[in-house]
Amino acid sequence: METEQLRIFDENKNHIGIASREDVHRLGYWHEVFHCWFICEEEGTYKLYLQLRSKNKKDYPNLLDITAAGHLLANERVEDGIREIEEEIGIDLSFQDLIPLGVVDYTVIRENFIDKEIAHVFLYNSPHYLDDFTLQEDEVAGMVKVNFHHFEELWLGERETIKISGFKMKDDGNKVYIHENVGREKFVPHQVTFYRTVIEKMKEKLTLEMP
C-alpha cells in the first residue's frame with residue numbers, strides 16, 4: 001500500500017507530479033482523497049454512520065472515522081473513489097447516488113507523518129441497517145451510528161462525549177454489539193475545523209436534498 005502512486009500538488013494546489021504514498025506522507029505533499037459520510041433518518045432524528053478502523057491499520061488504528069474513505073490513485077478520477085465504499089464496507093453504490101459536499105483541505109502533522117489532504121467529500125442518504133455492512137477485515141473493524149446533532153455539539157465543544165451504538169468484529173469473525181460514550185480522543189484527529197466545515201456542509205444539504 002505504501003507503494004501506491006498518488007498525484008501530488010504544491011501549496012497552491014497545482015499538480016506537480018506523482019509520488020508513492022510513503023513519500024507523500026513523509027515529505028508532506030498535498031494529495032487527493034475521497035470521503036463519503038452515510039446518514040439516515042430515524043424517528044425524526046438524523047444519524048451518522050462511522051467506521052471503526054482496524055487495529056492493524058498503520059495510521060490511526062482503533063479510531064472512529066468517516067463511513068468510507070481512501071486515497072485517489074494517480075490514474076483515478078474523483079468518481080472512481082466510489083470503489084472505496086464497496087471495498088471497505090460492502091455497499092455497492094453508483095456515483096450518482098452521492099450528494100457532493102465540495103472539496104475540503106486539511107492537514108495533520110505527527111512525528112514522521114505529514115498528511116495534507118485535498119478531500120472530495122460526499123454525503124449518502126442511506127436506507128441501510130447496521131447488519132447490511134460487510135467489512136473489509138484488514139481495514140475496518142466495526143460500524144456504529146451516532147446522533148448527528150450530538151456529533152455536531154461534540155466538535156463545537158458543547159458536549160464532552162457522545163453515545164455510539166453498533167458492532168465491532170472479534171478476532172474469531174463474530175460480531176460483538178457495542179454501546180459506549182466516547183469523546184474526541186476516540187476519533188481520527190482531523191482538524192477540528194475540518195469536522196466543523198463538513199458538518200456545516202451536511203446541514204445545508206440535509207435541508208435542501210433530503211426528505
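Please treat every number below as a calculation from the coordinates, not as lab data. Since the structure is predicted, the reported quantities are computational estimates derived from the model, not experimental observations. Methodologically, a virtual Cβ is constructed for each residue, glycine included, from the backbone with ideal geometry; neighbour enumeration extends over all protein chains shown.
How much length, in nm to one decimal, is gained on full extension between Phe95 and Asp171, taken as 0.36 nm per residue of separation minus their Cα-Cα distance?
Details: separation 76, 0.36 × 76 = 27.36 nm, distance 3.30 nm.
Residue separation times 0.36 nm, minus the Cα-Cα distance, leaves 24.1 nm.
What spacing in nm lies between the two simple spin-label points modelled at Glu160 and Asp131, each 7 Å away from Cα in the Cβ direction?
According to this spin-label approximation, the distance is 3.6 nm.
At a threshold of 8 angstrom on Cα-Cα distance, excluding pairs fewer than six apart, so keeping six or more, what relative contact order does region 7-95 reach in percent? Working shown, then result.
Working: 122 pairs, mean separation 19.4, N = 89.
Over region 7-95, the number comes to 22 percent.
Summing -39500 (n - 2.57) over the DSSP H runs of n ≥ 4 in the chain and dividing by its residue number, what mean residue ellipticity at 222 nm do you reach, to the nearest 500 deg cm²/dmol? Working shown, then result.
Numbers: 4 runs with 40 residues, N = 211.
Taking each H run of at least 4 residues, the total per residue is -5500 deg cm²/dmol.
Based on the mean of other Cβ atoms within 10 Å per residue, sort peptides 139-147, 105-113 so the most packed one is first.
Values: 139-147: 21.4, 105-113: 11.9.
Top of the packing list down: 139-147, 105-113.
Go through region 193-201 residue by residue and turn each phi into a ³J(HN,Hα) via Karplus (6.51, -1.76, 1.60, θ = phi - 60°); whole Hz please, and just put x for glycine and proline.
5, 5, 4, 5, 5, 5, 4, 5, 5
Using a 10 Å cut-off on Cβ atoms, rank the peptides 190-198, 127-135 from the highest mean neighbour count down. Before the final figure, lay out the partial values.
Working: 190-198: 17.3, 127-135: 13.7.
Result, highest mean Cβ count within 10 Å first: 190-198, 127-135.
Find how much the distance from Glu204 to Val78 grows on full extension, using 0.36 nm per residue of separation minus their present alpha carbon separation; answer in nm with one decimal.
Details: separation 126, 0.36 × 126 = 45.36 nm, distance 2.19 nm.
Computed gain between Glu204 and Val78 is 43.2 nm.
If you average the alpha carbon positions of region 50-81 and of region 136-205, how far apart do those two centres end up, in angstrom?
Value for the Cα centre distance between the two parts: 14 Å.
Which ³J(HN,Hα) values in Hz, rounded to whole numbers, follow from the phi angles of region 118-133 under the Karplus curve 6.51 cos²θ - 1.76 cosθ + 1.60, where θ = phi - 60° and Gly and Pro get x?
9, 9, 8, 10, 9, 10, 10, 7, 9, x, 7, 9, 4, 6, 6, 7
What nm distance separates the two modelled labels at Ser20 and Val103, each placed 7 Å from Cα along Cα→Cβ?
Result: 2.7 nm between the two label points.
What shape does region 33-95 take by its C-alpha gyration tensor, where a ≥ b ≥ c are the square roots of the eigenvalues and a/c under 1.5 counts as rounded, a/b above b/c as prolate, and the rest as oblate? Each step should come with its number before you reach the end.
On the way: a/c = 2.42, a/b = 1.22, b/c = 1.98.
It is oblate, given that a/c is not under 1.5 and a/b is not larger than b/c.
Please list, in chain and number order, the residues 5+ apart from Ile8 or on another chain whose amide H is under 5 Å from its amide H, with Hs placed from the backbone.
Here Ile16, Gly17, Ile18, Ala19 satisfy the definition.
Once you wrap a convex hull around the alpha carbon atoms of region 1-60, what is its projected area averaged over all directions, in nm²? Spell out each step's value before the answer.
Working: hull surface 24.6 nm².
Here the figure is 6.1 nm², rounded to one decimal.
Using θ = phi - 60° and the Karplus relation 6.51 cos²θ - 1.76 cosθ + 1.60, list the HN-Hα couplings for region 54-60 in order, rounded to whole Hz, with x at every Gly or Pro.
4, 5, 8, 5, 5, 9, 6
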